[in-house]
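Written out below as structure tokens is the structure these notes cover.
The values are calculated or read from the model by the stated rules, or taken from the named source; none is laboratory data. As the structure is a computational prediction, the values presented were derived from the model and not from experiment. Positions of Cβ are generated from backbone atoms using ideal geometry, with glycine treated the same way; all protein chains shown enter the neighbour counts.
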Amino acid sequence: MGFFRVSGVNSFISWALLIFGLLSMYAMGSSLYFLHKEIFKKNDELVRKIVFDSMAMSFVLVMLLHIIQMIIRIVHFQRTGQDINLVVTPGLAIYQLGDPPLHLESFGVDMGIFALCLFANRLRYRV
């Protein structure tokens, strides 16, 4: 949960980020479990299909998220002349003195999106 640092936001956003952080840990655990079973050739075709479909779906969603974020940053810079940091930042942010603003690590966001895709595909295939 170290991917998510929150200060000065309301409780609804704090709870949403907590749930998103738990989803990220679920994705990491599921990925490690899948890899462990894959090494010993114990995954069946349906499990492979679910995981690979989830990876493809999350890749597309992550790419769309980053493209939209990039377009918003460019448009905002052209209109105001100032760069903005949106919710998702690449890598660890280095803050000056004071409280850090709302910050989501891009790896945590990617894992959370993968968890949502994995959960949706498991519901779709009823596994």
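When the residues of the stretch 2-49 are filtered to those that are within 24 Å of ARG122 (Cα to Cα) and at pLDDT below 80, the one that is farthest from the chain's Cα centre (by Cα) is ALA16.
If you go through the stretch 38-76 and pick out every residue that is in contact with a Leu (Cβ under 7 Å, 6 or more places away or on another chain) and polar (S, T, N, Q), you end up with 2.
Can you tell me which residues in the stretch 105-127 are hydrophobic (A, V, I, L, M, F, W, C) and over 17 Å from MET25 (Cα atoms)? Show your work before the answer.
Going through the stretch 105-127, the residues hydrophobic (A, V, I, L, M, F, W, C) turn out to be 107, 109, 111, 113-120, 123, 127.
If the condition is that a residue be hydrophobic (A, V, I, L, M, F, W, C) and over 17 Å from MET25 (Cα atoms), then LEU123, VAL127 are the ones that fit.
Within the stretch 40-54, being buried (at least 16 other Cβ atoms within 10 Å of the Cβ) and not β-branched (Val, Ile, Thr) holds for ASN43, ASP53, SER54.
Each row is one residue, and each column tells you yes or no for (1) under 21 Å from SER106 (Cα atoms); (2) among the charged types (D, E, K, R); (3) touching a residue at least 60 places away in the same chain (Cβ under 8 Å).
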residue	(1), (2), (3)
TRP15	yes, no, no
PHE20	yes, no, yes
GLY29	yes, no, no
HIS36	no, no, no
ARG48	no, yes, no
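In the stretch 83-102, is there at least one residue being over 16 Å from the mean Cα position of the chain (by Cα), under 25 Å from SER58 (Cβ atoms) and modelled with pLDDT of 85 or more?
Going through the stretch 83-102, the residues over 16 Å from the mean Cα position of the chain (by Cα) turn out to be 83-85, 93-101.
With the extra rule that they be under 25 Å from SER58 (Cβ atoms), the set shrinks to 85, 93.
Within this subset, residues satisfying the condition of being modelled with pLDDT of 85 or more are none.
So far as the stretch 83-102 goes, no, none of its residues is over 16 Å from the mean Cα position of the chain (by Cα), under 25 Å from SER58 (Cβ atoms) and modelled with pLDDT of 85 or more.
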